[in-house]
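Colleague: Let me give you the structure first, and then I'll get to my questions.
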Amino acid sequence: MKNKVLTFLLCIHFLSSCTSDKKKESSIQIQGTWRLVSSTIIDKGKSTFTDYTKGQAMIKIINDTHFAFLKHNLSPDKEGKYGFDAGGGKYTLTGGQYVESLDYYNDKNWEGKTFNFKVEIKNDTLIQTGIEKVEKAGVHRTITERYLRIKDN
């Protein structure tokens, strides 16, 4: 009887160790709220740097399974509008490979697209680099974004 119980417990332990949980495979702690501080876009050989600490603000919120981003200008345009932008969807993280599936976005050409990024965290900075390719929007570029973790007060 003891051998059967021991064999049963060993089988359960073996089976539970074989299950794949992509969130547990990564040592990168990506969950949280992040403020975009800068981006560098390389498009057709031309590099463009944007400082998001001036003129606009964007945050990305990441939980166990989903991400969402919200962006707006800090000052109104000539019509008094702040140029709001938002999107989100599911993601996976395996090691340093972060894959976003954009399920919601205000430009329907981007919805349903999947974007592969390499991510790393240095201190409180998340660095995300990958290729954005959306044929219908005429986009094919490399983007590197730097986010700063927003700490709870």
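Coordinate-derived values only; no laboratory data. These figures come from a predicted structure and were not determined experimentally.
Colleague: Could you go through segment 27-44 in sequence order and give the Karplus-derived ³J(HN,Hα) for each residue, using 6.51 cos²θ - 1.76 cosθ + 1.60 with θ = phi - 60°, rounded to whole Hz, and x for Gly and Pro?
Modeller: Once rounded to whole Hz, the list reads 8, 7, 8, 8, 5, x, 10, 10, 9, 5, 9, 6, 9, 10, 10, 10, 10, 6.
Colleague: Per-residue HN-Hα couplings for segment 61-74, Karplus 6.51 cos²θ - 1.76 cosθ + 1.60 at θ = phi - 60°, whole Hz, x for Gly and Pro?
Modeller: 10, 10, 10, 5, 10, 10, 10, 8, 10, 9, 9, 8, 6, 8
Colleague: For segment 104-150, what is one quarter of the convex hull surface built on the Cα atoms, given in nm²?
Modeller: Computed as one quarter of the Cα hull surface, the answer is 3.9 nm².
Colleague: Another question about this same structure. Going down the list Lys60/Lys113; Lys122/Lys151; Lys71/Lys151; Lys108/Lys133; Lys54/Lys90, which pairs span over 21 Å between their C-alpha atoms?
Modeller: Those over the limit are Lys54/Lys90.
Colleague: Mind listing the Cα extents of segment 38-85 along all three principal axes, in Å, largest one first?
Modeller: Dimensions of segment 38-85 along the principal axes of its Cα atoms: 39, 31, 17 Å.
Colleague: Also, quick follow-up: Return the equivalent ellipsoid semi-axes of segment 22-149 as a descending list in whole Å, where each equals the square root of 5 times an eigenvalue of the C-alpha gyration tensor.
Modeller: 23, 17, 16
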